[in-house]
Amino acid sequence: MKFFSNIKSIGFFVGLSIFLITLLTNPPAGLSVAAWHVAGISMLMAIWWATETIPLPVTALLPLALFPIFQIYGPYEEGIFSAKDAFTMAAKPYAHPNIFLFLGGFILALGIEKVNLHKRMALSMLILVGTNAKYLIGGFMLVSAVISMWIMNTSTTLMLLPIALAIAAVIHKTTETKSEEEFNNFQTSLLLGVAYAATIGGMATTIGTGPNVLVKSFLEDEGIQVYFGDWMLLATPMSAIMLLCGWFLLTHIVFPVNIKGSPETSNALNDMYKELGDMRSDERRVLIIFAFTAFAWMFSKLLVQLPFLTGLTDYGIAIFAALAIFITRSSSGEGLIDWKTTKNLPWGILLLFGGGLSMAGAIKSSMLGDWIGSFFSSD
């Protein structure tokens with residue numbers, strides 16, 4: 001077995017070579033040695049991430065290993081600034097408050113997925129949409145967008161795709177189509193719509209997708225407070241417009257859909273819903289926790305004005321939600337989720353965020369960002 005595939009081997013040596021060049025050469029005019037080293041480490045991380053030379057979360061640990069060695073935060077002076085202090089500065093972004101916002105959101109989503117609440121919500125909404133093919137695609141896209149506001153895009157898509165494929169199979173068997181191409185257009189629009197809508201919906205909340213957390217972190221590091229509700233107020237209308245445009249482009253222009261619905265489609269959705277059975281007590285408890293959490297996030301800017309809630313934050317709300325999921329008893333007498341269940345959490349993503357934030361902090365503190373920006377600023 002080869003240790004590296006070709007692309008990984010290329011990425012490994014190219015990234016390492018560029019990094020070594022920054023170590024063995026003098027920095028360009030106007031750039032400090034520390035900033036030049038930061039540039040090299042940034043390129044090393046970017047290339048290793050792009051080629052997946054080693055697992056992405058492991059690459060994200062490079063700042064912890066390299067920043068103290070190359071004195072990125074300044075020279076060491078006994079009693080004033082030590083290598084331990086440098087490591088602390090490099091490690092601090094890995095515990096950024098927004099990392100815990102995402103962690104709490106992950107645990108809440110894990111509770112929702114464990115009791116299948118997201119599937120019940122999805123099928124309930126789809127049943128209301130009707131069976132017309134265009135509207136059915138729109139319904140799937142709406143469901144995908146709404147769920148991905150709170151749950152990872154990948155999880156949302158993986159949950160909806162089997163339902164979408166099952167409905168497509170029913171339509172293929174029970175609906176008369178003029179040609180196989182007509183059905184292929186429907187199926188392609190449906191599957192792409194689910195995937196696109198998950199990405200679009202993820203834009204609407206700060207926990208919907210990773211880049212949102214990074215943007216929020218950068219803004220807050222610049223002293224700009226971004227509340228959960230403020231983000232939604234700006235991003236949700238944009239997501240809604242993009243969702244509508246995406247649906248129209250898919251079903252009317254790129255893959256025109258002209259299939260009429262059938263009773264069998266409605267029956268299939270109802271059968272899937274019936275398979276879930278009546279809503280169980282565990283689902284109700286998770287739903288209550290989710291509802292309170294969503295309410296607190298959306299109105300946190302108002303809630304902090306109450307005398308006894310001045311210390312409330314979006315991060316704290318996320319951790320309260322995570323604690324509630326563990327503390328609240330299920331019908332079996334245990335927590336709604338246990339610690340074993342957390343093995344399904346995407347811990348690697350949290351390390352990725354930490355590595356990205358640590359690198360961003362070094363770019364800022366070393367003035368590398370200002371130096372790069374000077375090339376784009378007007379005289």
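The values are calculated or read from the model by the stated rules, or taken from the named source; none is laboratory data. Just so you know, these numbers come straight off a predicted model, no measurement behind them. Neighbour counts run over all protein chains shown; Cβ positions are idealised from the backbone, glycine included.
For segment 22-37, the set of residues classified as under 18 Å from PHE375 (Cα atoms) and touching a Ser or Thr at 6+ places or on another chain (Cβ under 8 Å) consists of GLY30, SER32, ALA35, TRP36, listed by residue number.
Matching residues to (1) surrounded by 19 or more Cβ atoms within 10 Å (Cβ to Cβ); (2) touching a residue at least 60 places away in the same chain (Cβ under 8 Å); (3) acidic (Asp, Glu); (4) closer than 27 Å to ALA296 by Cβ:
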position: THR174; (1), (2), (3), (4): no, yes, no, no
position: ASN185; (1), (2), (3), (4): yes, yes, no, no
position: TYR196; (1), (2), (3), (4): yes, no, no, no
position: GLY201; (1), (2), (3), (4): yes, no, no, yes
position: PRO211; (1), (2), (3), (4): no, no, no, yes
position: GLU220; (1), (2), (3), (4): no, yes, yes, yes
position: GLN225; (1), (2), (3), (4): no, no, no, yes
position: ILE253; (1), (2), (3), (4): no, no, no, no
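Every condition in (1) over 17 Å from ASN270 (Cβ atoms); (2) in contact with a helix residue (DSSP H, G or I) (Cβ under 6 Å, 6 or more places away or on another chain); (3) assigned by TED's automatic domain parsing to the domain that holds LEU192; (4) modelled with pLDDT of 90 or more is met by THR156 except one, and the failing one is (4).
Just one of the listed residues (THR53, THR59) is within 28 Å of the chain's Cα centre (by Cα), crowded, with 20+ Cβ neighbours inside 10 Å, in the same structural domain as PHE87 (by TED's automatic domain parsing) and over 27 Å from GLY373 (Cα atoms), namely THR53.
Just so you know, in segment 209-225 the residues that are acidic (Asp, Glu) and either in a helix (DSSP H, G or I) or in the same structural domain as VAL304 (by TED's automatic domain parsing) (or both) include one that is nearest to the chain's Cα centre (by Cα), and it is GLU220. If we keep just the residues of segment 365-379 that are surrounded by fewer than 19 Cβ atoms within 10 Å (Cβ to Cβ) and touching a residue at least 12 places away in the same chain (Cβ under 8 Å), which is farthest from LEU214 (Cα to Cα)? So, considering only residues that are surrounded by fewer than 19 Cβ atoms within 10 Å (Cβ to Cβ) and touching a residue at least 12 places away in the same chain (Cβ under 8 Å), the one farthest from LEU214 (Cα to Cα) is SER374. Taking the criterion of being modelled with pLDDT under 95 and more than 14 Å from SER366 (Cα to Cα), would at least one residue in segment 36-45 satisfy it? No, there is no match, as no residue in segment 36-45 is modelled with pLDDT under 95 and more than 14 Å from SER366 (Cα to Cα).
Listed here are the residues, each with its yes/no results for (1) closer than 30 Å to ARG329 by Cβ; (2) outside any helix (DSSP H, G or I).
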{"residue": "GLY74", "(1), (2)": "no, yes"}
{"residue": "ALA91", "(1), (2)": "no, no"}
{"residue": "GLY111", "(1), (2)": "yes, no"}
{"residue": "ARG120", "(1), (2)": "yes, no"}
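Could you tell me whether segment 226-242 includes any residue that is in a loop (DSSP other than H, G, I, E, B), under 22 Å from the mean Cα position of the chain (by Cα) and not charged (D, E, K, R)? Yes, segment 226-242 contains at least one residue that is in a loop (DSSP other than H, G, I, E, B), under 22 Å from the mean Cα position of the chain (by Cα) and not charged (D, E, K, R).
Filtered by the rule that a residue be exposed (fewer than 14 other Cβ atoms within 10 Å of the Cβ) and over 20 Å from PHE67 (Cα atoms), segment 1-27 gives MET1, LYS2, PHE3, SER5, ASN6, ILE7, PHE13.
Do you know which residues across segment 118-134 are surrounded by fewer than 23 Cβ atoms within 10 Å (Cβ to Cβ) and in contact (Cβ under 8 Å) with a residue 60 or more places away in the chain? The answer is LYS119, ARG120, LEU123, SER124, ILE127, GLY130, ASN132, LYS134.
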